[in-house]
Amino acid sequence: MSNKLILVLNCGSSSLKGAVLDNSSGDILLNCLAEKLNLADAYITFKVNGEKQKVDLSAQPNHTGAVGALLEKLKEMGLDGRIAAIGHRVVSAGEAFSESVLINDEVMAAIEKCTPLAPLHNPANLLGIRAAQNIFKGLPNVAVFDTAFHQTMPAHAYTYAIPRKYYRELGLRRYGFHGTSYRFVADETARFLGKDKNNLRMVIAHLGNGASVAAIKNGQSQDTSMGLTPLEGLVMGTRSGDVDPSVFSFLADNLKLSVQEITDILNKQSGLLGISELSNDCRTIEEEAAKGHEGAVLALEMFSYRLAKYIASMAVAAGGLDALVFTGGIGENSDTIRAKVLDYCAFLGLKLDNEANLAARFGNAGVITTADSTVTAVVIPTNEELMIAQDTARLSGL
Ligand code: ADP
């Protein structure tokens with residue numbers, strides 16, 4: 001055990017999320033969020049012990065400026081000398097990595113090579129890594145990939161039924177995402193249920209703004225609902241999930257829209273937002289549905305129904321089902337969606353325990369099925385930062 005600190009960074013094209021964790025306790029000492037990067041009014045907000053402080057980044061409104069401001073904040077708190085390693089969330093490793101790795105020049109080149117698979121995210125992740133290397137000189141940096149955990153998927157799960165030359169030539173296949181969360185939650189579920197993860201068939205639903213499900217058998221991912229990009233699969237906050245691919249030509253022909261415009265509609269204007277015509281936020285949808293708003297009622301039902309269909313299909317991938325797990329902001333908090341999903345999936349042997357379902361929220365883990373259910377449903381809070389910190393500590397030899 002060591003009382004060193006791990007810095008975890010998660011960079012988007014215009015944002016940077018950071019957390020500083022104590023390596024031995026897992027406690028978070030500092031959170032930060034830099035927004036509007038590459039715009040003149042960029043800023044970073046620090047959160048320490050529940051108190052927020054906003055710092056202007058206009059002097060250097062980019063990822064380097066944000067990491068520099070973070071170092072200044074750590075100096076002010078007297079913590080800079082205790083940072084021992086930095087872990088980076090990296091979105092896509094394609095087929096290059098099936099585990100987290102210590103970053104060197106070859107790893108940087110491999111991440112760069114995967115840019116066509118995550119054109120918005122990987123370049124931002126690289127900017128974050130370079131900024132960390134320049135500002136926290138000499139510290140080990142570790143890459144933890146969203147795609148890595150799903151590299152165990154068999155070819156019949158990851159291949160699209162299109163000419164195979166596109167896979168060979170371009171790497172066009174299903175990769176899946178949320179891998180860090182699935183790895184963490186799979187381990188936690190086995191621990192919580194007192195079962196051996198190497199002898200457990202699980203379907204985990206990670207339901208946040210982005211949402212996906214994965215089939216995990218004996219600790220390994222067998223299939224997942226997201227594909228080449230996070231657009232495939234479930235109804236999400238603003239993403240459509242599965243649609244007939246002909247939606248593209250239909251909209252292009254009828255409205256003369258470009259590929260980029262249609263991609264934006266499916267990624268940013270669809271899902272709960274598109275259906276309800278109100279909001280992408282599940283809480284708002286639930287509140288308005290309770291008041292009888294027709295769009296919100298439909299959005300909630302579609303979200304739950306699509307999820308239930310996917311859970312049943314993922315039970316095929318897992319070779320059966322011992323545990324159904326809910327995680328992510330919606331999975332951990334929405335008793336309404338969990339109840340609807342269990343109702344649709346009752347034929348699989350899931351019987352809802354109403355009281356337990358209402359009690360499992362605000363970060364509480366809990367079984368939400370009755371004792372006579374043949375399949376156990378459980379709520380397990382995810383913690384991607386902790387998983388990244390643990391990988392970072394291990395690979396840095398801490
Ligand atoms: P992200 O994918 O951005 O990490 P989160 O995992 O934080 O997202 O999940 C955000 C979603 O969780 C939002 O749709 C939010 O409305 C939903 N959520 C949070 N708390 C509740 C709640 N009490 N009831 C229903 N939905 C909730």
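Nothing in this text is a laboratory measurement; each read-out follows from the coordinates by a stated rule. These numbers were taken from a predicted model, which means no experiment stands behind them. Cβ sites come from the backbone with ideal geometry, for glycine too, and all protein chains shown count toward neighbours.
Points to keep in mind about this one:
- The chain shape via C-alpha gyration tensor axes, a/c threshold 1.5: rounded
- Nearest 10 degrees, 0 to 90: helix 179-193 Cα axis against the chain principal axis: 70
- Annotation: region 43-110 has a Kirkwood hydrodynamic radius of 14.6 angstrom, from the mean reciprocal C-alpha pair distance.
- Within a Gaussian network of the chain (alpha carbon springs, distance under 10 Å), most fluctuating of Ala157, Ala377, Ala252: Ala252
- Efficiency of FRET from Cβ geometry, Ala371 and Lys256, R₀ 41 Å, rounded to 0.05: 0.10
- As a proxy for reagent exposure, Glu99, Glu332 were ordered by neighbouring Cβ count within 10 angstrom, fewest first; the result is Glu99, Glu332.
- Taking amide hydrogens as placed 1.01 Å from N in the peptide plane, the amide H of Gly87 sits under 5 Å from those of Leu7, Val8, Leu9, Val142, each at least 5 positions away in sequence or on another chain.
- Helix-only CD estimate at 222 nm, as mean residue ellipticity for the chain, using -39500 (n - 2.57) per DSSP H run (n ≥ 4): -11500 deg cm²/dmol
- Contact order for the chain, expressed relative to its length and based on alpha carbon pairs under 8 Å spaced 6+ residues apart, stands at 14 percent.
- The ratio of the alpha-carbon radius of gyration of region 284-398 to the globular-protein estimate 2.2 N^0.38 Å is 1.22.
- Surrounding net charge for Arg239, when Lys and Arg each add one and Asp and Glu each subtract one, Cβ distance under 12 Å: -1
- The value obtained for region 185-328, namely the Cα convex hull volume divided by the number of residues, is 109 Å³ per residue.
- If the Kirkwood radius is taken over C-alpha pairs of region 197-245, then at 25 °C and 0.890 mPa s the Stokes-Einstein diffusion coefficient equals 214 µm²/s.
- P(r), alpha carbons of region 176-261 - 10 Å bins starting at zero, rounded %: 17, 38, 24, 13, 7, 1
- Of the residues Lys309, Lys137, the one with the fewest other Cβ atoms within 10 Å heads the list, and the complete ranking is Lys137, Lys309.
- Sorting Val297, Val144 by the number of Cβ atoms found within 10 Å of their own Cβ, with the fewest placed first, yields Val297, Val144.
- Helix 63-76 and the longest principal axis of the Cα set of the chain meet at an angle near 70°.
- To the nearest ten degrees, helix 121-135 and the longest principal axis of the Cα atoms of the chain are 30 degrees apart.
- Taking region 1-48 and dividing mean pair separation by its residue count, relative contact order in percent (alpha carbons under 8 Å, at least six apart): 29
- Radius, Kirkwood style, for region 1-138 when every pair of distinct Cα atoms is counted (Å): 15.4
- Structural descriptor for region 91-180: relative contact order 37 percent, calculated from alpha carbon pairs under 8 angstrom and at least 6 residues apart.
- Look at where the Cα atoms of region 40-105 and of region 316-339 average out, and the two centres are 32 Å apart.
- Rounded D (µm²/s) - region 244-336, Kirkwood Rh over Cα pairs, Stokes-Einstein at 25 °C, 0.890 mPa s: 160
- Tensor-based shape of region 133-237 (alpha-carbon gyration tensor, a/c under 1.5 rounded, otherwise prolate or oblate): oblate
- Distance between the C-alpha centres of region 145-171 and region 232-306: 26 Å, rounded to the whole angstrom.
- Rounded to whole Å, sorted largest first: equivalent-ellipsoid semi-axes of region 78-185, Cα gyration tensor: 30, 15, 10
- Fluctuation leader among Pro230, Pro163, Pro61 - the chain, Gaussian network, Cα springs under 10 angstrom: Pro163
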